[in-house]
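Engineer: One structure, pasted below without further comment.
Every number here is computed from the coordinates shown, using simple stated rules; none is lab data. Because the structure is predicted, anything quoted here is derived from the model rather than measured. As a convention, Cβ positions derive from the backbone with ideal geometry for all residues, glycine included, and neighbour counts pool all protein chains shown.
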Amino acid sequence: MNPALTTPKTGASFLKSLLNAWSWLFLILILGFFELYAQSETGGTFIFRAYNVQAIAVAASQILLLALGLTLVIVAGHIDLSIGFTTGLAAVVMALVIRGLGVDGGWLALLLAVLVGLGAASLVGLVNGWLVAYLNVPSFIGTLGTYGIARGMALIVAGGATVSVRSDELRAFGNGDILGFPVPVVIAALLAIACHYLLTHTRFGVHTYALGANRASVERAGVDVKRHLILLFVISAVTAGIGGLIYTGRFSAGAANAGEPILLYAVAAVFIGGASLTGGQGTVTGTVIGAFIIAVIQFGLVFCGLPPYWQFVAVGLVIIVAVLVDQSKGRLTGGRP
Amino acid sequence: MTALLQVRGLKKRFGGIEAVSNVTFDVNAGECVVLAGDNGAGKSTVIKMISGVHAPTEGNVQFDGSLLTGRSPEAVRSAGIETIYQDLALADNLDPGLNLYLGRERTRRVCGLPFLDRPEMRRNAVEVLRNLGIVIPDPSAPVRELSGGQRQAIAIARAVHWQARLVIMDEPTAALGVPEQREVMALIDRLKSKGVGIILISHNLPDIFAAADRIIVLARGVVAGERRPAETSDEEIVRMMMGATL
Ligand SMILES: Nc1ncnc2c1ncn2[C@@H]1O[C@H](COP(=O)(O)OP(=O)(O)O)[C@@H](O)[C@H]1O
Ligand SMILES: [Mg+2]
């Protein structure tokens, strides 16, 4: 082989794998930065303290509960903006059910509340899927509409206030441990594994990637695309709804805006993780890394004593870097994304 | 011997316009019939009536002795007629194996859960492509990294793998460079030698003469003439395409 011909190609592919791994590298870099800061400024450690690790993991879990289902929707070439308030709706509905069943409802009341809360969330997903699949409404607009509707419904059923409830079972659900791991972290981890399996190891996942790349490819292959789209939006709504249930559990109260501050972080985690707005790419592992990058920035900046508002600036910068990386990847493969 | 495909008196009216009328022809197994004609002559409309996309206003289509007219595109495909449209309908982000099996993916069970059998699908894709004379340098790379001719080959391989007995190709070489056009022509030859019937749509004269066993010229929606390549010339085909019915 002619080395003059092969050298530039391997150079480019080295660069390409570097760009593919940039989010891992970036996560290690910021962890290293905060560790250095901790060592030199406080003489302590950042990463090797159980409290810090747990706080970061819980924050990442919150983001992930919205971002996991969203990853599937974005890989299919769509977006789901309604999840922020689907979370709130599920949180409020769950709190109301437990309150309605009285203080002595016990585990049965909790189970019922979980089911009704998830039912309310899947209703939003069904409406999203129906708008996009059957009425051909662009998902950006359609889910912006249901974002408003879910927000309004959550505020209406909550009477405009936070619905606080008293239930030992609920508190255990939101703040307990399983084998030493906080319940929200365990639930997010299980959901991440389930979504990863779905996206990379099942026919459903292949059809999701193909749908994002070229709708005609799956349609001509005989896949029921309308049904597929509805399922995607229901999955997205249900994972966001689970986020709402955990919120209610952690704070013993359901709030209509429970998911609002997390929505943008969830979207950011998916794009930092390698997804593209045009669809057809993105992975669950990427989204998990993205969520951890955001959680580390959030926690780390406060750890350094900076006003918490800096996290918005920092996450905004990371999003822009993610888009630039995605574009230069496209340029390396000859202009094609 | 009855022909593999029999097209009889097809007519298609769109509103008040008669796009196609009285189109009749046969395709035999292992034969390549070229539908030639200028833009707007009605070539695509004819093949859409065969593939089930359009219902004919009049006339019918028989495949292997049974009536196809009125069946859905899926039913026509499962009867053994594969249509390859110009856009190929590939998923660019998936590898050749997954594209070959799209909609009919292979899975195997691990602890009771179905997992995609990517290696198996990839191996089979490599094998089918090798039988068509195509070698893919990296079978695990997404198909967007392949050349136009290789992508065309994957669309054709998909048809062959699922046992199509008639393959319809709508201007397969239109977007390709010269070497890739030759590759596709070679593929058509190999399909013929496997006994597959082919309808090739084209208005490119070198392609028409390279591939055709018979040439059917459409002009303004009607059959302007039918020729064997040996008994006609470029000039005559062009004249017929321009509407000088003989
Ligand atoms: N769906 C349709 N509705 C109305 N007119 C159509 C439709 N499809 C094709 N036509 C008309 O039928 C004629 C033949 O078109 P077509 O079959 O696409 O020609 P070709 O493929 O030979 O270029 C053209 O005049 C075209 O405008
Ligand atoms: Mg045409």
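Engineer: In whole Hz, what ³J(HN,Hα) sequence does the stretch A:129-145 give by Karplus (6.51, -1.76, 1.60; θ = phi - 60°), x for Gly and Pro?
Structural biologist: Running phi through 6.51 cos²θ - 1.76 cosθ + 1.60 with θ = phi - 60° gives x, 5, 4, 6, 7, 9, 9, 6, 6, x, 4, 4, 6, x, 7, 5, x Hz.
Engineer: On to the next question. What's the center-to-center distance, using Cα atoms, between the stretch A:200-245 and the stretch B:23-86 in Å?
Structural biologist: Their Cα centres are 32 Å away from one another.
Engineer: How many Å³ per residue does the convex hull of the Cα positions in the stretch A:34-139 occupy?
Structural biologist: 158
Engineer: Compute the distribution of all C-alpha to C-alpha distances in chain A, in bins of 10 Å from 0, and list the percent of pairs in each, rounded to whole numbers.
Structural biologist: Per 10 Å bin, starting at zero, the Cα-Cα P(r) for chain A comes out as 6, 24, 31, 24, 11, 3, 1, 0 percent.
Engineer: For the protein assembly as shown, count all C-alpha to C-alpha pairs, find those more than 40 Å apart, and express that count as a whole percent of the total.
Structural biologist: 41
Engineer: Sticking with this one: In whole Å, how far is the Cα centre of the stretch B:120-154 from that of the stretch A:37-68?
Structural biologist: So the two Cα centres are separated by 46 Å.
Engineer: Please list, in chain and number order, the residues 5+ apart from B:Asp117 or on another chain whose amide H is under 5 Å from its amide H, with Hs placed from the backbone.
Structural biologist: Distant-sequence amide H within range of B:Asp117: B:Arg106, B:Thr107, B:Arg108.
Engineer: If you don't mind, another one. Kindly state, to the nearest 0.05, the FRET efficiency for B:Arg123 paired with A:Glu260, given R0 = 35 Å and r defined as their beta-carbon distance.
Structural biologist: 0.10
Engineer: Can I ask one more? Starting from one equal scatterer on each C-alpha and no solvent at all, send me the Debye-based log10 I(q)/I(0) for the stretch A:235-337 at q = 0.22 Å⁻¹, two decimals.
Structural biologist: For the requested q values the scattering log ratios are -1.21.
Engineer: Still on this structure, please answer the following. Exposure proxy check: B:Asp87, B:Asp207 ranked by fewest other beta carbons within 10 Å?
Structural biologist: Result, fewest neighbours first: B:Asp87, B:Asp207.
Engineer: For A:Ala161 and A:Leu112, compute 0.36 nm times the residue count separating them, minus their Cα-Cα distance, and round to one decimal in nm.
Structural biologist: Extending this stretch completely gives an extra 15.4 nm.
Engineer: Determine, for each peptide in B:169-177, A:186-194, A:256-264, the mean count of other beta carbons within 10 angstrom over its residues, then list the peptides with the highest first.
Structural biologist: For the peptides B:169-177, A:186-194, A:256-264, the packing ranking is A:256-264, B:169-177, A:186-194.
Engineer: In addition: If you line up the Cα atoms of chain B on their principal axes, what length do they span on each, largest first, in Å?
Structural biologist: Largest to smallest, the principal-axis extents are 66, 38, 37 Å.
Engineer: For the pair B:Leu205 and A:Ile47, how long in nm is the line joining their label points, each one 7 Å along Cα→Cβ?
Structural biologist: Between B:Leu205 and A:Ile47, the label points sit 7.1 nm apart.
Engineer: Take B:Cys111, A:Cys304, B:Cys32 and order them by how many other Cβ atoms sit within 10 Å, fewest up front.
Structural biologist: B:Cys111, A:Cys304, B:Cys32
Engineer: What is the calculated FRET efficiency for B:Arg13 to B:Trp162, with r their C-beta to C-beta distance and R₀ = 30 Å, to the nearest 0.05?
Structural biologist: E(calc), rounded to 0.05, equals 0.35.
Engineer: Using only the alpha carbon atoms of the stretch B:107-162, find the Kirkwood hydrodynamic radius as the inverse mean reciprocal pair distance, in angstroms to one decimal.
Structural biologist: After inverting the mean inverse Cα-Cα distance, the result is 12.3 Å.
Engineer: Give, in nm to one decimal, the length gained when the segment between A:Gln327 and A:Arg171 is fully stretched (0.36 nm per residue of separation minus the Cα-Cα distance).
Structural biologist: 51.6 nm
Engineer: List, in order, the whole-Hz ³J(HN,Hα) value for each residue of the stretch B:169-184 obtained from phi through the Karplus relation with A = 6.51, B = -1.76, C = 1.60 and θ = phi - 60°; use x for Gly and Pro.
Structural biologist: Per-residue couplings from phi come out as 10, 8, 6, x, 9, 4, 9, 10, x, 4, x, 6, 4, 5, 4, 5 Hz.
Engineer: Counting only DSSP beta bridges with both residues in the protein assembly as shown, what percent are antiparallel, rounded to the nearest 5?
Structural biologist: Beta bridges within the protein assembly as shown, antiparallel portion: roughly 60 percent.
Engineer: Within the stretch A:48-73, which residues have the backbone N less than 13 Å from the label spot 7 Å out from A:Glu35 along Cα→beta-carbon, could you tell me?
Structural biologist: A:48-49
Engineer: How compact and how long is the stretch B:68-187, expressed as Rg and Dmax of its alpha-carbon atoms in Å?
Structural biologist: 15.0, 51
Engineer: A follow-up question, please. Taking other Cβ within 10 Å of each residue's Cβ, how do A:Tyr309, A:Tyr265, B:Tyr85 sort, fewest first?
Structural biologist: Ranked by crowding around the Cβ, least crowded first: A:Tyr309, B:Tyr85, A:Tyr265.
Engineer: For the protein assembly as shown, what does -39500 (n - 2.57) per DSSP helix run (n ≥ 4), summed and divided by total residues, give at 222 nm, in deg cm²/dmol to the nearest 500?
Structural biologist: The helix-only estimate for the protein assembly as shown comes to -18500 deg cm²/dmol at 222 nm.
Engineer: Summarise the long-distance tail of P(r) for the stretch B:120-212 by giving the % of C-alpha pairs beyond 20 Å.
Structural biologist: For the stretch B:120-212, the share of Cα pairs beyond 20 Å comes to 32 percent.
Engineer: Let me ask another. Report ³J(HN,Hα) in whole Hz for each residue of the stretch A:160-165, in order, from the Karplus equation J = 6.51 cos²θ - 1.76 cosθ + 1.60 where θ = phi - 60°; Gly and Pro get x.
Structural biologist: x, 10, 7, 9, 8, 9
Engineer: Could you calculate the contour length gain from B:Glu58 to B:Arg104, that is, 0.36 nm times the residue separation minus the distance between their Cα atoms, to one decimal place in nm?
Structural biologist: 13.1 nm
Engineer: Shifting gears a bit: What distance in nm separates the simple spin-label points at B:Cys111 and A:Val313, each placed 7 Å from Cα in the Cβ direction?
Structural biologist: Going from the B:Cys111 label point to the A:Val313 one covers 4.7 nm.
Engineer: Give me the net charge for the shell around B:Met241: Cβ to Cβ below 15 angstrom, other residues only, Lys and Arg +1, Asp and Glu -1.
Structural biologist: For residues surrounding B:Met241, the net value is -3.
Engineer: Using a 7 Å offset from Cα along Cα-Cβ at A:Thr278, what residues in the stretch B:144-175 end up with backbone N under 16 Å from the label point?
Structural biologist: Inside the label zone: B:144-146.
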